[in-house]
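Take a look at the structure below.
Values quoted throughout were computed directly from the atomic coordinates according to the rules given, and no laboratory measurement underlies them. Predicted, not measured: the structure shown is a model, and the values here were computed from it.
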Amino acid sequence: ADIVARNRAAGRLKFSTDVAASVAHGEIQFIAVGTPPDEDGSADLRHVVAAARNIGKYMSGFKVVVDKSTVPVGTADKVRATIQSELDARADAARFSVVSNPEFLKEGAAVEDFMR
């Protein structure tokens, strides 16, 4: 909690519901959304794909896209293709990298878990 307050005050950490401004804010973009199970038990990737679509729609310049969601193998390729499709649709040659770094956090304990 204190680490969040300090970094917000220093301008290193922002929270927003403005997708375009959030994507423009930093070189590193985190996708950290729920992936509830579908009816067949597989991960529902709708929210991951929607986040990737928004990153591709609003990004300019190089970005590193970090998928923190718990997703199946191969999802980074889907994220990459989704972002590229959005860039192609607006003829933008921006470059980006996609990495996967899933985390298993309990709700309300992200900072504490990260510091361990």
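Counting each DSSP H run of 4 or more residues in the chain as -39500 (n - 2.57), what helix-only mean residue ellipticity at 222 nm follows after dividing by all residues, to the nearest 500 deg cm²/dmol?
Numbers: 5 runs with 49 residues, N = 116.
Using -39500 (n - 2.57) per qualifying helix, the result is -12500 deg cm²/dmol.
Please report how many Lys pairs in the chain have alpha carbons closer than 24 angstrom, counting only residues at least 8 apart along the chain or sitting on separate chains.
Going through the chain pair by pair, I get 9.
Can you tell me what share of the DSSP beta bridges in the chain is antiparallel? A percent to the nearest 5 is fine.
Values: 1 of 10 bridges.
Percent antiparallel among DSSP bridges in the chain is about 10.
I need to check one value: relative contact order of the chain, counting alpha carbon pairs closer than 8 Å and at least 6 residues apart, in percent.
On the way: 143 pairs, mean separation 28.5, N = 116.
Reported as a whole number, the value is 25 percent.
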